[in-house]
1. So, R0 is 35 Å and r is the distance between the beta-carbons of L548 and E482; what FRET efficiency does that work out to, to 0.05?
2. So which of K378/K402; K653/K828; K541/K827; K271/K370; K440/K651 end up more than 32 Å apart by C-alpha?
3. On the first, second and third principal axes, largest extent first, how far apart are the outermost C-alpha atoms of region 383-428 in Å?
4. For region 482-538, how big is the tail of P(r) above 15 Å, as a whole percent of Cα pairs?
5. Taking N as the number of residues in region 247-395, what value does Rg over Cα atoms divided by 2.2 N^0.38 Å take?
6. So what is the diffusion coefficient of region 31-82 in µm² per second by Stokes-Einstein at 25 °C and 0.890 mPa s, using a Kirkwood Rh over Cα pairs?
7. Could you order peptides 652-659, 521-528 by the average number of other Cβ atoms within 10 Å of their residues, highest first?
8. Kirkwood Rh over Cα pairs of region 398-532 into Stokes-Einstein at 37 °C, 0.692 mPa s: D in µm²/s?
Amino acid sequence: MKNPNSNPPLALLNNTVAENYSNPKEEKYRAIVENSIHAFFLTGIDGTILESNHAASIMFGYTPDEFRNLKRWDIIDHTDINLLQALEQLEKTGSAMTEATGIKKSGEHFPVEIFSKIFIDTDGVRKSSTMLSDISARKKTEAAMRLSNERFDLVVKATNDLVWDWDLVTGEIYRSGNGLADVYGHSSNEAIKNIHAWADFLHPHDKDKISQQIAYFINTKEENTFNFEYRFRREDGTYVYINDKGYIIRNEQGKAIRMIGAAEDITERKKSELAIKESELRYKMFVQQSTEGIWRIDLKEAMPISTPLDEMIEYCYHNAWVAECNDTFAKMYGFKNAEDIIGLPLNKIIPAENPSNMNYLVKFFSNGFKVEEEISYKTDKEGQPLILLNNMVGIIEGEYIKRAWGTQRNITGQKKAEQALAESENRLRTIVQTDPECIKLLNKEGEVLEMNSAGLIMVEADSVDQVLGLNVLELVLPEYRESFKNSINDVYEGKSVQFEFEIKGFKGRHLFMETHCVPLRNAQADIIAVLSVTRDITKSKNAQALLLASEERYRYLFNNNPASIIIWDIETLEITEVNETAVELYGYSREKFLQLNVTDLLHKEKKIKSIKPVQLVNQKDIQKETSTWHHLTSCGDVIIMEITSHKITYKGKNALLTLGNNITEKVQLENSLNEERQIRQQQITEAVITGQEKERTEIGEELHDNINQILASTKLYIECALKDKQPRADLINESRLLIEKAMVEIRNLSKALLPPSLGEVGLLQALCEMAENIKQVNELSISIDWHDLDENELSNKLKLTIFRIVQEQLNNVIKHAGAKQVIISVKKAQEIIQVSIKDDGCGFDTSLKRNGVGLRNITSRAEVNNGIAIIDSKPGEGCELIANFPVLNAFKQTA
């Protein structure tokens, strides 16, 4: 909101004009309007300009006649929201005042302040009188004031001094938090926020003196700046030396109303001054000790200033010596103190062999026996090079020069620092160019201003000329361009942004990129470019995808593990997760399972005994523990479980993951045998048992339905032949053929039952023979791909496992898939042996529960050989079984 009193003459003048415009004595008011410095307009309610004054023509550039063909919208930007609000107020109250944007005849826009009032003219028509004032100068002043405040804030933040502002009217002292602790040694301004509280911390010897100085600066009207020193007590009780300097603000009557200053901790400097005073007492040579070298060169005899230049220099080199100096000067040349250097001739201090020294003396004699800020190059007594900044003035008495005083500052370190800075900048540019990440500068449109070598490689550019001026959005894939543009806009608003996107290089390579962008500012803090550091995260993205796939595989293994897996909370004993095997084994639905307590599974006669270990779980750090438990199924059957427990963190809580194997049958068998016999075999899984039963059933059906029928027919033929008195050659021959057929069937059955002699025929040949046998009786195309694998290096156990897995999966494909083609692949990939059986059949949903034992049998066979079996299938998209075996376990063990 604008201050309605910001321009009282404008409002007052407009009110006067509006109220008296229709007055018969309007000539007086017209004279006021015409001589006003403010632009005046009389307008109709529709905005038509009826009249204007001379100031309006000067301000907008139109003649009065031109104004009458215009409306107020032609000279005022009507889209300004402040103007629209003011018009609403004008309609409601009859007057309004606001700021808006004026439009000159030249098209130039400038800020104006508008006061408008509605009145009824003598003709009875509602009209509006409007006064406009050009406030461009005021706006510039306000902008300058804001900039000044911003600069002040920056100075306060940047300085090491404590900036304070004492309001002499309220008595309170504001101090910036920037240096309160560093300078005053106080953590809070609260204890010293007024002058009396502050004065209590002054050193007793300084308190009266400082109070008098403050009173003097406040009461005198001649002084507007102040500077005084004092000792101030910190919170820890120690004193620091403070130098306060600043400015006094006075009102129009000259009365001080504010004191603004900066407090500097000069404790170290005061200590130096005390040391200088002690030095003055010891040597009595110098008024004060300086950090610069101070010296005096004397001549044996005064030299006329009219002496030719060459003779002056020659004379000085043979007749001048160091007559006086301070320790700093001596140390610059490698001496311990001044006494060690006094008396040395000038040519030892400024060697003539160095051309820069000769130029230094030439400049001294040619410039009225004075040089300022002149650099000279010298060596100390150890021969180390020195770079000195010199000031020297000759003492002239009459027409003779008798001596010269000078100061020297050792800028060797500064020059080395400048050189180091240049080297650092060069190193920085080298680092940028050799950095493995893409470093680039972009303008607001996203065009490349600069890019390092790593960036050129990422975008597949042949040279930097190929990318300079290029809009990077041309490389960014379309789906990321909008967010990329928004991010650049955010940086130009002063934000730092980080985002990911994908690019396509000049040669077609796709890369995922992660970039961090910050604004690059100039010395005036204006944002001039976007500094972007981008790295290639393609491998990371691929790794994430692999990790996701790995998690899916592990979830599959969890749910399809032949062992029962139960996870339960150590604190509450509540079951939090189970796998499909546990659901199938215990007979509970998964929902019911998750409502149980782990003790609900215990046999009632064993519960008291078994619950003790459960209570001890929290008392010891279980990493892995195996024990035997008696459990109850949902039907009340007792099963004996061999449980292996692992302590884990699940969903943020301590839990136990238990893998259970049903060893009921094994325990029963062991109890019927001698107790001294060791465990002969591992847990017989449900899949193996079911598979064996299935295999026996198939063998029985084959013997009964096929071979038994063939032998029965043979027996019948033989009996018929024996009944005839004459031998029946045809019946005997038919019997022979049937017996041969039975032998073939028995041989095929044996071949299917007995493991193939892979050591004799080889795994690849055995797979090929099995594929041929299947193709003879099934309309199924089977192809075998064998890649980079020497089967002679594989163990016989693994070769048999691979053969059985392929055999089992082909049976599954024949029975369930309805496939036309199967591809069997066996290859060595990095550190694994991979077996793949892929068909184009009907497929199935892998997330659904499967009751078949074929896949379980395959999984069990893979795990026995430290492998893993993975099923990849979707309804209508076929199925792929992948079995992976680690290389270290796959090859034969050699001595």
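The values are calculated or read from the model by the stated rules, or taken from the named source; none is laboratory data. Note that the coordinates shown come from a computational prediction; the quantities given were computed from them, not determined experimentally. Reconstructed Cβ throughout: ideal geometry from the backbone, glycine too, with neighbour counts over all protein chains shown. Ligands, DNA and RNA are stripped out before the accessible areas are found, and what is left, the full protein with its side chains, is counted by its heavy atoms. Shrake-Rupley method; radii C 1.70, N 1.55, O 1.52, S 1.80 Å.
1. Details: r = 27 Å, r/R0 = 0.76.
Calculated transfer efficiency: 0.85.
2. On the way: K378/K402 24 Å; K653/K828 41 Å; K541/K827 27 Å; K271/K370 34 Å; K440/K651 43 Å.
The answer is K653/K828; K271/K370; K440/K651.
3. Extents along the principal axes: 58, 23, 11 Å.
4. On the way: 838 of 1596 pairs.
Tail fraction, whole percent: 53.
5. Values: Rg = 21.1 Å, N = 149, 2.2 N^0.38 = 14.7 Å.
My calculation over the Cα atoms of region 247-395 gives 1.43.
6. Values: Rh = 11.3 Å.
This corresponds to a translational diffusion coefficient of 216 µm²/s.
7. The densest-packed peptide leads the list: 652-659, 521-528.
8. Numbers: Rh = 17.6 Å.
Answer from the Stokes-Einstein relation: 186 µm²/s.
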